[in-house]
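Throughout, read-outs are computed from the coordinates displayed, never taken from laboratory work. These figures come from a predicted structure and were not determined experimentally. Cβ placement follows ideal geometry from the backbone for every residue including glycine, while neighbour counts extend to all protein chains displayed.
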Amino acid sequence: MKLSAIDEYGTFLYHQGTNYASYRLFGAHFTVLRRRSCVRFSVWAPHAQKVSVVGDFNQWDIEANPMERCGAGNGIWVTYIEGLQEGDIYKYAVTTASGEVLMKSDPYAFWSEVRPNTASKITKLRYTWKDKKWQNSREQYDSYRKPMLTYEVHLGSWCRDEEGNMLTYREIADKLVEYVTSMNYTHIEIMPLCEYPFDGSWGYQATGYFSATSRYGAPEDFMYLVDTCHKHGIGVILDWVPGHFCRDAHGLRYFDGEPCYESGNPMLAENKEWDTMNFDYGRTEVQSFLISSAMFWLSQFHIDGLRIDAVANMLYLDYGHPDGNWQPNKYGGRENLEAIDFLRNLNKAVFSEFPHALMIAEESSAWPLVTKPVDVGGLGFNYKWNMGWMNDMLRYMSMDPLFRKDNHNLVTFSLCYAFSENFILPLSHDEVVHGKHSLLDKMPGDYWQKFAGLRAFYGYWMSHPGKKLLFMGSDFGQFIEWKYDDSLDWHLLEYPMHKAMHDYVKELNTYYVEHPEFWEEDCDWSGFSWISCDDRDNSVIAFFRSGQETDDMTVVVCNFTPVVRHSYRFGVPRKGTYVEVFNSDSEAFGGSNVLNEGEFEAQDIPMHGMEQSLELTLPPLATIYLQLKTSADKKKSLKAGSSTAKTRKTTGSAKKAKSSEKKPASKTTRKRAVKKTTKSDAAK
């Protein structure tokens, strides 16, 4: 890594808030001074009387290695120490204005001790990357018109060894990548890895914004994980938390005895709901610090994107504060003007250097223009989590089907705003903790209905406009809530219904990445059309998704009740012969096998504003996909001959299914008649 000189220009940019590589200026760096090898330490502590570097190498003597002020009034301290080795631990001994000595970890450290120890470690970031092909592919990457199917993972609990110990970055790399590619995910999103002291915070209360947590190994080990993902065509998104930070004494809070990274106003500085501190976005040095952190992960670790946590907490001054316990902005409003400027500056800086990065806002309010460019008044992100869709649908799917007809709007309302932003539809870790139940256990009804309901929901979710994110364990129907201190219940795959759910999600993922209509026009009405959105009495919806090519079209029909709908008629957009190409009720997926086998000619019977219609049987608690026979045959042919056929490229991560893998159940060779039963009969 190239080291920045602590000169007038670099420090000017830092204090101006525009030094976006300040990690080259601060921290511990090996260098040469007067032809002698040494480590340069530098830190910002503007209110300190004295600062020194302490560690095992000087028996933690605060007088042994004092630092000197670098220039008048800029608050930067520096010193050079010879004889240090990589891996040596250190802290800054900061003497406050009142004479108290604080032992602080380095805010710019690249490596830290394993908790519960809190010292920083000297290291060189060196790794030989092997992802040049991936990096070159990013130059032409257009995420808006490519599939994005993200697997959210917590590294400490995805899988553990036989003794229950967490795996290292290197131990998890090959296993995780093999699993993700086999399931046809295109990206992984890793929960926060900036160093943090408490396992139970899941990484959302950080102390080291440049230090990949040492729980799983050294920084180079994490680089190996990212490199392995890229070599197998998997993008890597990192959860990043610039909204608040940990209160622990060794961290950023009152770094030199007075507020540095947080506001001096307790109403603005403290987030009592989460017992954390909020960053002071009006302080230019904080802007340099945070934007440098974002750039650091993208440049030094080849991260493909950042998911920004708790953006609403940043945007609103009254977020999480009771009435009367917050301070309005200078115009009397509740908007955090400094945070708005920070987010815009962050996104401008990132996209100026990494134009194809993914900058994703977890923003839970109705703030406008989150994913619109800064120059038109937007915040500048390119994606936003659709929290409204998620809350509506989980509420709807948790209901007894008897009451769903009176809440039909929960299913359809999302299309009133689906294209106002560039959305990701998240089914994340937040929805399977704190007594909310797992996704499977949210579903009402008996054992069979829970699985059927979840399959129907996933089929709808996958076909709804927006990119996709699913939390680990949800793809095989984990029954209990997520536990951060234990492995996922992988043993459930030994049980038929969980194995069938796993197979279903794999086939559903495959259908998604192989059908451009599900992602090519995600951000525009041209990719979605309602067929029927008002059949609340039957809790049925129908729509179709369209791609850029005429043949790229899938008709989707969802039945959210456990009742078979016989002779159900609905309009279709084009004349021709239709075939059912995917059915969540297939026996192979644990369903009752109410299938629509054979070919169905669209009849010249107007329906739903269309000139032709079909009459089919809708399976219970199920989603079905239909295609025109010519399109389905073409795709089937291309899939069968994928080794030689010239197919449209999707992304490096959109793998074609292997010819030996099981085909979707809708194409099964079993010749079974459509059952004329209700779900209650089939469940007996």
Assertion target for Tyr447, Tyr23, ordered by fewest C-beta neighbours within 10 angstrom first, is Tyr447, Tyr23
Within the P(r) computed for region 148-517, what percentage of the Cα pairs occupies the region above 33 Å?
30
Arrange Asp7, Asp256 by Cβ neighbour counts within 10 Å, fewest through most, would you?
Asp7, Asp256
Grab the beta carbon distance between Lys231 and His47, set R0 = 56 Å, and tell me the FRET efficiency rounded to 0.05.
0.75
Estimate the FRET efficiency between Cys416 and Glu68 by the formula 1/(1 + (r/R0)^6), using the beta-carbon distance for r and 56 Å for R0, to the nearest 0.05.
0.35
How big is the Kirkwood radius of the chain, worked out from every pair of different alpha carbons and given in Å to one decimal?
27.0
Tell me the label-point distance for the pair Lys436, Ser529, using the 7 Å Cα-to-Cβ offset, in nm and rounded to one decimal.
3.6
Which FRET efficiency value, to the nearest 0.05, is calculated for Phe30 and Gln59 with the Förster distance at 25 angstrom and r the Cβ-Cβ distance?
0.65
How far is it, in nm, from the label point at Lys499 to the one at Thr630 when both lie 7 Å from their Cα along the line to the Cβ?
4.2
Test of understanding: ordering Ser592, Ser98 by Cβ neighbours within 10 Å, fewest first, what list do you get?
Ser98, Ser592
Simple SL model, points at 7 angstrom along Cα→Cβ for Arg536 and Lys175; separation in nm is 4.9
Within the chain, helix-based [θ] at 222 nm, where runs of 4 or more DSSP H residues each add -39,500 (n - 2.57), nearest 500:
-7000 deg cm²/dmol
Magnitude of the charge dipole, region 8-121, Cβ model with Lys/Arg +1 and Asp/Glu -1, debye to 20:
280
Please name whichever of Ala339, Tyr504, Gly10 sits farthest to the positive end of the charge dipole of the chain, dipole taken about the Cα centre and charges placed at Cβ: Lys and Arg +1, Asp and Glu -1.
Tyr504
In debye to the nearest 20, how big a dipole does region 185-312 give about its Cα centre with +1 on each Lys and Arg Cβ and -1 on each Asp and Glu Cβ?
180
In the neighborhood of Met67, defined by Cβ-to-Cβ distances under 13 Å, what is the net charge if each Lys or Arg adds +1 and each Asp or Glu adds -1?
+1
Quick check: the distance between the Cα centres of region 19-95 and region 475-514, to the nearest angstrom?
49
Just how far, in whole angstrom, is region 605-621 from region 328-399 if you go by their alpha carbon centroids?
39
About its Cα centre, how strong a charge dipole does the chain have in debye, to the nearest 20, once Lys and Arg get +1 and Asp and Glu get -1 at the Cβ?
2140
Using every alpha carbon pair in region 265-357, what percent of pairs falls into each 5 Å bin from 0 up to the bin containing the largest distance?
2, 12, 22, 22, 17, 12, 8, 4, 1
Could you give the alpha-carbon Rg of region 1-141 over 2.2 N^0.38 Å, rounded to two decimals?
1.17
